[in-house]
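Chemist: Here it is, the structure in full.
Derivation of every value follows stated rules applied to the coordinates shown; laboratory data play no part. Because the structure is a prediction, the values reported are computed rather than measured. Ideal geometry is used to build each Cβ from the backbone, glycine not excepted, and the neighbour counts take in all protein chains shown.
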Amino acid sequence: MQYSHAMKDVAMQFVLLDPNPDSAAEVRYVLSEAGHDVALATTIDEACRAAVLTSPDAVLVSTTATQIDVRLLRDKLQQLNYTGPILRIEPGME
C-alpha cells in the first residue's frame, strides 16, 4: 500500500485492543510506517487506561479479539468521556 506525503503529515493516535501479540505488532507496524502512533492493549481495562493517557482519534478492536465484549468496552469508554469511534479491524488480510 502506498501512502502519500500528505497523509504522513497528519499523525493520528490509536489504541489497538488485540490479545494476539503477533497481529498487534503487525497492525502497529503498518500504522507506524504511515506516521501514526499506536498504544497496544490486551484487555478492556488496558484499552481504557490507554485511551485516558493518549486521547486517541480511534480505538481499534481486532477481530482476533473474539473474547472482548465490545459493548462493555464502549460503555467503559463512554464513562471516561471518550466520544471517538470504536472500529473493528481485520489484521493480516492478504
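Chemist: List 70, 61 from most exposed to least, where exposure is judged by having the fewest other Cβ atoms within 10 Å.
Modeler: In order of increasing Cβ crowding within 10 Å: 70, 61.
Chemist: Provide the per-residue ³J(HN,Hα) series for the stretch 53-64, in order, calculated from phi with Karplus coefficients 6.51, -1.76, 1.60 and θ = phi - 60°, each as a whole number of Hz, with x at glycine and proline positions.
Modeler: Here the 3J(HN,Hα) series is 6, 10, 6, x, 6, 7, 9, 9, 10, 5, 5, 6 Hz.
Chemist: Something else about it: Given H placed on each backbone N at 1.01 Å, which residues far from residue 89 in sequence or on other chains put an amide H within less than 5 Å of it?
Modeler: 61, 62, 63
Chemist: If you don't mind, there's one more thing I want to ask. Just to check I understand the Karplus step: with θ = phi - 60° and J = 6.51 cos²θ - 1.76 cosθ + 1.60, what whole-Hz values come out for the stretch 77-86, glycine and proline as x?
Modeler: Ordered by residue, 3J(HN,Hα) equals 5, 5, 5, 8, 6, 7, 10, x, x, 10 Hz.
Chemist: Please state the charge dipole magnitude for the stretch 5-89, taken about the Cα centre, from unit charges on C-beta atoms (+1 on K and R, -1 on D and E), reported in debye and rounded to the nearest 20.
Modeler: Roughly 220 debye for the stretch 5-89.
Chemist: Expressed as an acute angle from 0 to 90° and rounded to the nearest 10, what is the orientation of the C-alpha long axis of helix 21-33 relative to the principal long axis of the chain?
Modeler: The helix 21-33 is inclined about 50 degrees to the chain.
Chemist: Right, here's the next one. Under the Kirkwood approximation applied to all pairs of distinct alpha-carbon atoms, what is the hydrodynamic radius of the stretch 5-89 in Å?
Modeler: This gives a value of 12.8 Å.
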